[in-house]
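One structure is given below, encoded as structure tokens.
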């Protein structure tokens, strides 16, 4: 199959989702690249002691997990074992492990994993995007794969960029 034929088969919705994932990651990367080392180490809020650097790495590291969850739902599989408590535990462990992450390493991982996430999303068909299954992070409501992509892989960088800007009063 030629590249043009494969491109023609890509869902317009999947392409739009992928571009928005790339856009959010690019905005996050561009913003944090201009931060001083001191600002890179700034906590994001009084209730979230993670540094900006840890948050950027967190966004990057979450892409594969978020895409896997969307793939499960796209295949009709319910996701019932992921809780907000388990997410909090994963985030706490990640924060300890990545406390000294460098800007270069975090931004490179952000670029790599967002690119891979966007590529994966481009592979979803409209039928897969429309598939719904119970999802424990949404009170086990039967949500679509598209919703999971939008609420997690797509929104994640935008959400944390807003928090970072608020922490820095920008």
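The values are calculated or read from the model by the stated rules, or taken from the named source; none is laboratory data. Source: prediction; values computed, not measured. Note that we place each Cβ from the backbone using ideal geometry, even for glycine, and neighbour counts take in every protein chain shown.
Quick notes
- Evaluation of residue 29 against the conditions (1) more than 25 Å from residue 89 (Cβ to Cβ); (2) modelled with pLDDT under 95; (3) under 18 Å from the mean Cα position of the chain (by Cα) shows that the sole unmet condition is (2).
- Residue match in region 86-96 (condition: in contact with a strand residue (DSSP E or B) (Cβ under 8 Å, 6 or more places away or on another chain) and at pLDDT 95 or above): no
- Sole residue being touching a strand residue (DSSP E or B) at 6+ places or on another chain (Cβ under 9 Å) and surrounded by 15 or more Cβ atoms within 10 Å (Cβ to Cβ), chosen from 79, 121: 79
- Checking each residue in region 143-159 for being in contact (Cβ under 8 Å) with a residue 24 or more places away in the chain and either closer than 16 Å to residue 74 by Cβ or touching a strand residue (DSSP E or B) at 6+ places or on another chain (Cβ under 8 Å) (or both) picks out 143, 144, 145, 146, 148, 149, 150, 152, 153, 154.
- So residue 141, is it under 30 Å from residue 34 (Cβ atoms), out of contact with any helix residue (DSSP H, G or I) (no Cβ under 7 Å at 6 or more places or on another chain) and surrounded by fewer than 18 Cβ atoms within 10 Å (Cβ to Cβ): no
- Only a single item in (1) over 20 Å from residue 150 (Cα atoms); (2) surrounded by fewer than 15 Cβ atoms within 10 Å (Cβ to Cβ) is not met by residue 39, and it is number (2).
- Test: residue in region 51-68 that is closer than 14 Å to residue 160 by Cα, without any contact (Cβ under 8 Å) to a residue 60 or more places away in the chain and not in a helix (DSSP H, G or I): yes
- The single condition from (1) under 21 Å from residue 154 (Cα atoms); (2) in contact (Cβ under 8 Å) with a residue 60 or more places away in the chain; (3) not in a helix (DSSP H, G or I) that residue 35 fails is (1).
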